[in-house]
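Everything below concerns the one structure shown next.
The values are calculated or read from the model by the stated rules, or taken from the named source; none is laboratory data. These numbers were taken from a predicted model, which means no experiment stands behind them. Neighbour counts run over all protein chains shown; Cβ positions are idealised from the backbone, glycine included. Please note that ligands, DNA and RNA were not included when accessible areas were found on the heavy atoms of the full protein model with its side chains. Shrake-Rupley method; radii C 1.70, N 1.55, O 1.52, S 1.80 Å.
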Amino acid sequence: MKYNGSCHCGAVTFEFEEQEIKSGLRCNCSICKRKGALMSAFTLSPEQITITADEGALATYTFGSDVGKHHFCRQCGIYPFHQTVRKPGHYRVNLGCIDSLDTTKLPADVFDGASL
């Protein structure tokens, strides 16, 4: 299936193809528990995701090892995706940024990122 997502204001968009999304993933690390986002349980290589952003709209926050890169829109503040610590350079997407998904109906596993 082809999925399209965006931040709230539309300055950052992304698209990818993946099997039907039937579940998500939450993380208990210090940033993810504060964001409260439901992330994709799968990762995407840079070749599998197309990211488009208005000039200057996409910002990145790193902490700790600086390997994980948490991307957000400078205009509306929404976090659409991040690059993972466990698989550097690969992405997980914020499923709440995909209009065609109802994240309130998706089950989620919890990843123990606080222990990394």
Could you tell me how many of the residues in the range 3-27 are open to solvent by 10 Å² or more (accessible area, probe 1.4 Å), in a loop (DSSP other than H, G, I, E, B) and under 19 Å from Tyr61 (Cβ atoms)?
2
Given the condition in contact (Cβ under 8 Å) with a residue 60 or more places away in the chain, open to solvent by 30 Å² or more (accessible area, probe 1.4 Å), touching a helix residue (DSSP H, G or I) at 6+ places or on another chain (Cβ under 8 Å) and more than 19 Å from Cys7 (Cβ to Cβ), answer yes or no: does some residue in the range 95-109 qualify?
yes
Residue list for the range 67-77, restricted to those being farther than 18 Å from Ile49 by Cα and either more than 14 Å from the chain's Cα centre (by Cα) or buried (at least 19 other Cβ atoms within 10 Å of the Cβ) (or both):
Val67, Arg74, Gln75, Cys76
Filter the range 28-71 for residues that are aromatic (Phe, Trp, Tyr) and outside any strand (DSSP E or B); which is farthest from Arg86 (Cα to Cα)?
Phe63
Do we find that Phe14 is at pLDDT 95 or above and closer than 14 Å to His82 by Cα in this structure?
yes
